[in-house]
Amino acid sequence: MADSASLLFNPHTYDPEHFDPETRRLLRATVDWFEARGKRRLIEDYRSRAWLGDFLDFAAREGLFATFLTPASAAGKDDQRWDTARIAALNEIFGFYGLDYWYAWQVTILGLGPVWQSDNAEARARAAELLAQGEVFAFGLSEKTHGADIYSTDMLLTPDGEGGFRASGSKYYIGNGNAAGLVSVFGRRTDVEGPDGYVFFAADSRHEAYQLVKNVVDSSKYVSEFRLADYPVAPADILHTGRAAFDAALNTVNVGKFNLCTASIGICEHAMYEAVTHASNRILYGRPVTAFPHVRRELTDAYVRLVGMKLFSDRAVDYFRSAGPDDRRYLLFNPMTKMKVTTEGEKVIDLMWDVIAAKGFEKDNYFAQAAIEIRGLPKLEGTVHVNLALILKFMRNHLLNPVDYPAVPTRLDAADDAFLFQQGPARGLGSVRFHDWRTAFDAYTEVPNVARFREQADALCTFVETAAPGEEQSRDLDLLLAVGQLFALVVHGQLILEQARLTGLDEELLDELFAVLVRDFSAHAVELHGKDSATEDQQNWALGAVRRPVVDAARSARIWERVEALSGAYEMGQ
């Protein structure tokens, strides 16, 4: 049985022995760089909004980005590959120390997406060389007026008569736009109407026709506004044209938004060490704060939610890495990691903040920045609402129409995830099929709260068959989102159970976690009951799906002992 600290990332004991030697070296070197920098410098850089030059110099010296973000097809060294498992591990480390560091890495990933999907060999070679030099990248998709509505892009490309274009227009919310060696920019031709006119091209932020306007946020993250003024786009700069450019945009977001979940986990882990340590050592009314029952409940809930986030995300990696043309289950699990795991992260921080109260505002603690940065992740790469609406496209097939698939193993092997840059057309989501979700639950029928949650999951199947929103209700996104939250919980529980089985997680911890999920399902059912357009059948179903978790005071007390053991388990040096 794993102890509480071993389930969380702890820099003092971290040894990713499941990876190859070079990956282990780079992950440990990254941790050591942050630890040597110290907490005071880390927080001061965050507060002073310092650009990340020192960090990027470290990454360049170590070849960190080049090793992790160069796919095998463009690799110049044996250890270079696109390996989602080790990318996820680095996301967690960056989140643990500060989202600003993660953000520079994340938008580099987005900027590389259209390049690695491109058949332009010259552009691919240029990107690989820039990575080897330690450069960062940017993804020029969204705009000030249209946001991420890429149908309406105002980045216009006028043919120059020589096979290239002159590009003019602006982009907004573009990370690394101040320093990117290559910016993948989405636009449309002035001489071609409709989807055939889309173009993805590579721009250089150092070119005189590239005009950096400003950082649109008050942060070390350089989230830029930039303008192109008659920027020359040569044939060698063109990454995609027509519908392929549109697909490259969506498929890049598919790759990039997966990173949000593990960044959220890292933030929560660091904050949890601080919160539990503070609460355990603070005396109130003659007793430690952790002696109060409501405090124990809040910190225990935060802990088991965080464990659930890790279990789900780790299992989702396996489906992401095992995806292919005939297995696109990742298209559901991916927005789940982006939407569900990151909103769980917000809940984890809120629960701890309710306990430590004013301590959470203090400038000398990591928690103060964690409380701010955790809010951003659910809102990046598509809002929670957008991803919930996407998840709903899979609900009927996932719940009611399973098919047989070979078992997906744990994927920690040193393999290149080439399919991520060969995803093809970004459509046909309603035809994606899934294995039977019930199998994961059948393995834990003896765990009381897993069985209780299974009742609710079965009830949701009945809802889809007998009381699903009709044609008119399907236009009521407010009601549909409430249904989406219920479905998301079933998928969340499924992958948690699959990972628990693969890792041998003890059933007592799983029982406590599913007690929380039972409460969550009941809360969302009550929310559905109250929706303006809910029919009488839907209202009756909603109240009938409410369940009380199976209470076991002794079990809860033992899980609390694990949480309490986190006090003093990690503190960053000054």
Take the conditions open to solvent by 10 Å² or more (accessible area, probe 1.4 Å), of a type in the set (A, V, I, L, M) and assigned to a helix (DSSP H, G or I) and apply them to A557. Does it pass?
yes
Filter the range 188-204 down to the residues that are among the small types (G, A, S) and farther than 21 Å from R124 by Cβ, then identify the one that is surrounded by the most Cβ atoms within 10 Å (Cβ to Cβ).
G197
Check every one of the helices (runs of 4 or more DSSP H) wholly within the range 370-445 and list those with 1 or more residues that are over 21 Å from the mean Cα position of the chain (by Cα).
395-400, 438-442
Say whether the condition of being open to solvent by 50 Å² or more (accessible area, probe 1.4 Å), more than 26 Å from L260 (Cα to Cα), touching a helix residue (DSSP H, G or I) at 6+ places or on another chain (Cβ under 9 Å) and not polar (S, T, N, Q) is met by at least one residue in the range 462-484.
yes
Of L497, L502, the only residue that is assigned to a helix (DSSP H, G or I), in contact (Cβ under 8 Å) with a residue 60 or more places away in the chain and not aromatic (F, W, Y) is L502
Among the residues of the range 430-455, the number that are in contact with a helix residue (DSSP H, G or I) (Cβ under 7 Å, 6 or more places away or on another chain), charged (D, E, K, R) and open to solvent by 60 Å² or more (accessible area, probe 1.4 Å) is 2
Exception for E507 within (1) more than 26 Å from the chain's Cα centre (by Cα); (2) at pLDDT below 95 falls at (2)
Could you look through the range 324-367, keep only residues that are within 28 Å of N387 (Cα to Cα) and free of Cβ contacts under 8 Å to residues at least 12 places away in the same chain, and pick out the one that is surrounded by the most Cβ atoms within 10 Å (Cβ to Cβ)?
D350
Does any residue of the range 351-373 turn out to be within 23 Å of A85 (Cα to Cα) and at pLDDT 90 or above?
no
Selection count, the range 283-316, where residues are more than 20 Å from L510 (Cβ to Cβ), of a type in the set (A, V, I, L, M, F, W, C) and part of a helix (DSSP H, G or I):
3
Top-ranked residue in the range 460-480 [being in contact with a Phe, Trp or Tyr (Cβ under 7 Å, 6 or more places away or on another chain) and assigned to a helix (DSSP H, G or I); ranked as farthest from L495 (Cα to Cα)]
F463
When you go through V185, V115 one by one, which is the residue that is over 30 Å from F34 (Cβ atoms), at pLDDT 95 or above, of a type in the set (V, I, T) and buried (at least 24 other Cβ atoms within 10 Å of the Cβ)?
V185
With L489, L510 as the choices, which residue is open to solvent by less than 30 Å² (accessible area, probe 1.4 Å), touching an Asp or Glu at 6+ places or on another chain (Cβ under 7 Å), closer than 29 Å to L331 by Cα and not in a loop (DSSP other than H, G, I, E, B)?
L489
Could you list, in sequence order, the residues of the range 58-76 that are under 25 Å from K338 (Cα atoms) and outside any helix (DSSP H, G or I)?
T70, P71
Which residues, counting only those in the range 148-161, are out of contact with any Gly (no Cβ under 9 Å at 6 or more places or on another chain), open to solvent by 30 Å² or more (accessible area, probe 1.4 Å) and modelled with pLDDT under 90?
D149, Y151, S152
The residue from K144, K221, K171 that alone is open to solvent by less than 20 Å² (accessible area, probe 1.4 Å), at negative phi and among the basic types (K, R) is K171
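The values are calculated or read from the model by the stated rules, or taken from the named source; none is laboratory data. In this text the structure is predicted, and so the values were computed from the model without any measurement. As a convention, Cβ positions derive from the backbone with ideal geometry for all residues, glycine included, and neighbour counts pool all protein chains shown. Side chains are part of the model used for accessible areas, which takes the heavy atoms of the whole protein and leaves out ligands, DNA and RNA. Shrake-Rupley method; radii C 1.70, N 1.55, O 1.52, S 1.80 Å.
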